[in-house]
Amino acid sequence: MITMPAGPATARPNVDAQASAPAVVAERLSKVFPSGDGVHEVDLVVPAGSIFGFIGPSGSGKTTTVRLFTGVARPTSGSVKVMGADPARFDPAARSRLGYMPQLSVLYPNLTVDENLRFFSALYGRPARKTRHRREDVLDFVELRGHEQKRISQISGGMQRRLSLAAALVHDPELVFLDEPTAGVDPVLRRRFWDHFTALRDEGRTLFVTTQYVGEASYCDYVGVLADGRLLLVETPDGLRREAFGGDILDVEFTSPPGDALVADLQKVIGAISSQPRSLRGLRLVVEEAAVALPELTAWLNAQDIEIAQAEEYLPPYDDVFVELVERYRSNGEAGEAPSLEVVR
């Protein structure tokens, strides 16, 4: 089973997630359709009080996995426990601890904003007369106060997405599943959504967020990379970069072209894993730890009286990280090797 890395790279929630029971535990979980598509043997632990990002291209199995975790779909094989129980057997009280924002809107266009919230609150056994303050709170949270009496057909698409989030939160759930919540929204609203998610995490809630926007990995505590229905690995955002490229990356720009002997000496001094030219005067080095290697590199170059234009750590964009990881998996698959599901620490 995949276990979580030692600690996330982003700010931690107010609760001690490691001391709490996991929010989700999946063991060899599969859902295979007659076509052969689906998800295959997913092993996963989602810590409580964290943002877990599930990243993969369209059609990779993200929504199917969420449907398994929420009890909407039954697995072909394997098992899943959500808050310690089989989600397919949840009673109403257990199900009320979950929030779910589906990829497609389930709002009622002929109802008002407030009427939609009343309806979704009632679905979880919360009568409207007892939830007025909660409805006001979630509307404040998604910045929709003042629009309560507008029909859904009268508000913008972005406002509808925010209302969908409010509908998933109106019954005050502990664990929230958000399936492609930022799909099709503009970058400004996308960032506001992630600000909301972080605030929820800091309140101690657990969020399981699927997305095909690879750059959103940076907002998560942990990230699972999914491709072709298989979970390739789980890591922290920084750990994804290290796994994709074998370590941290340093870029060095010399004032004159470095010779082969200098490159070999430099690589040996800082214990570089690999090196490759970036340009006539530029060199890219993969090292174990940039924070250690960078001062060693500059100190040695100064001692050798070798001038450089600059030396800095390079952080590859997550799009490049994802492409590298998926291409490696597919290359291994073509070679007949099973993809590794071990977390690199």
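Residues LEU104, LEU163, LEU111, ordered by accessible area of protein heavy atoms at a 1.4 angstrom probe radius and largest first, appear as LEU104, LEU111, LEU163.
Farthest toward the positive end of the dipole of the chain, out of LEU178, GLY247, ALA261, is the Cα of LEU178, where the dipole comes from beta carbon charges about the Cα centre.
One chain, two ends: GLU148 and SER279. Fully extended at 0.36 nm per residue, the span grows by 41.3 nm beyond their Cα-Cα distance. Accessible surface of ASP91, taken over heavy atoms with a 1.4 Å probe and every protein chain present, rounds to 80 Å². Summing Cβ point charges (Lys, Arg +1; Asp, Glu -1) relative to the Cα centre of the chain gives a dipole of roughly 2160 debye. In percent, rounded to a whole number, the relative contact order of the range 197-291 is 21, using alpha-carbon pairs under 8 Å and six or more apart. Kirkwood radius, the range 225-335, all distinct C-alpha pairs, inverse of mean reciprocal distance: 15.2 Å. Between ARG28 and LEU262, the FRET efficiency estimated from the beta carbon spacing at R0 = 51 angstrom works out to 0.50. Dipole magnitude for the range 17-74: about 160 debye, using +1 per Lys or Arg Cβ and -1 per Asp or Glu Cβ, origin at the Cα centre.
Lysines near LYS62 by alpha-carbon distance under 21 Å, same-chain residues fewer than 8 away left out - which ones? Hits, sequence-local ones excluded: LYS31, LYS81.
Can you sort SER35, SER331 by solvent-accessible area, 1.4 Å probe, largest first?
SER35, SER331
Measuring only protein heavy atoms, the 1.4 Å probe finds ARG241 accessible over about 40 Å².
Let me have the relative contact order for the chain, percent, based on Cα pairs under 8 Å that are six or more residues apart.
Reported relative contact order: 21 percent.
Orientation-averaged projection of the range 87-201 equals 7.0 nm² [convex hull of Cα atoms, one quarter of hull surface area]. Using a probe of 1.4 Å on the protein chains alone, the accessible area found for ILE306 is around 50 Å². Between ARG328 and ALA299, full extension at 0.36 nm per residue minus the direct alpha carbon distance yields a gain of 6.9 nm.
Classify the range 52-124: rounded, prolate or oblate, from the alpha-carbon gyration tensor (a ≥ b ≥ c, eigenvalue square roots; a/c under 1.5 rounded; otherwise prolate if a/b is larger than b/c)?
The shape class here is oblate.
In what order, largest first, do HIS147, HIS171 sit by accessible area if the probe radius is 1.4 Å?
Largest to smallest exposure gives the sequence HIS147, HIS171.
Given charges of +1 on the Cβ of Lys and Arg and -1 on the Cβ of Asp and Glu, with all other atoms neutral, how large is the dipole of the range 203-321 about its Cα centre, in debye to the nearest 20?
Values: 8 positive and 21 negative charges, 51 e Å.
The calculation lands at about 240 debye.
Measuring nothing but protein heavy atoms, the accessible surface of the range 231-292 at 1.4 Å probe radius is 49 percent carbon and sulfur.
Take the chain with all the other protein chains still there, run a 1.4 Å probe, and you get 47 Å² of accessible area per residue.
Extent along the principal axes, Cα only, for the range 161-273: 66, 30, 29 Å, with the longest axis given first.
The values are calculated or read from the model by the stated rules, or taken from the named source; none is laboratory data. Quantities reported herein were computed from a predicted structural model and do not represent experimental measurements. Methodologically, a virtual Cβ is constructed for each residue, glycine included, from the backbone with ideal geometry; neighbour enumeration extends over all protein chains shown. To get the accessible areas, we keep the full protein, side chains included, count just its heavy atoms, and leave off ligands, DNA and RNA. Shrake-Rupley method; radii C 1.70, N 1.55, O 1.52, S 1.80 Å.
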